[in-house]
Amino acid sequence: MTVKTLLIVGAMGLASIGIASAKSYDIVLTDPTMAGATALHAGQYKLKVEGNQAVFTDVQNSQSFTAPVTVQNGKTKFDDTRVESTRQGDMDHISSIDLGGSSTMLAFR
């Protein structure tokens, strides 16, 4: 193997480790909810952050929904994952999500 090949294989290996170790967070929505312009029905979701996107995967049917977010880092870790929302009309609208075990907060546009 050439040095170039080894570097490419090494870079791909490191990239796959980052993808495999992406943390997911469990959230439960008790009512229909808007995450930005994305409508989510009530249910249990796995939430992952991919860059400036929040990816909600419905636990029941594995359907995924993506919403743009602003990722903000605080100084202290959040004890648990918390969804902050407001009621507008007949739907909740997520304003932010604190990611438990991290100092990361997702702000929805």
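The values are calculated or read from the model by the stated rules, or taken from the named source; none is laboratory data. Fair warning: this is a prediction, and the values are worked out from it, not measured in the lab. Reconstructed Cβ throughout: ideal geometry from the backbone, glycine too, with neighbour counts over all protein chains shown.
For the reader, a short list of remarks on this structure follows.
- Hits in the stretch 32-67 (condition: under 21 Å from residue 103 (Cβ atoms) and not hydrophobic (A, V, I, L, M, F, W, C)): 46, 48, 50, 51, 52, 53
- Candidate set: the stretch 30-54, residues that are among the β-branched types (Val, Ile, Thr) and within 18 Å of residue 92 (Cα to Cα); chosen: the one nearest to the chain's Cα centre (by Cα): 38
- Restricting attention to the stretch 47-62, the residues that are without any contact (Cβ under 8 Å) to a residue 12 or more places away in the chain and either surrounded by 13 or more Cβ atoms within 10 Å (Cβ to Cβ) or in contact with a Gly (Cβ under 8 Å, 6 or more places away or on another chain) (or both) add up to 1.
- Test: residue in the stretch 77-91 that is surrounded by 15 or more Cβ atoms within 10 Å (Cβ to Cβ), farther than 14 Å from residue 33 by Cβ and aliphatic (A, V, I, L, M): no
- Members of the stretch 37-90 found to be among the hydroxyl-bearing types (Ser, Thr, Tyr), at pLDDT 95 or above and assigned to a loop (DSSP other than H, G, I, E, B), listed by number: 62, 81
- Pairs with Cβ under 7 Å, 6+ apart, first in the stretch 80-92 and without any contact (Cβ under 8 Å) to a residue 60 or more places away in the chain, second of a type in the set (S, T, N, Q): 84/95; 84/96; 85/33; 85/95; 86/95
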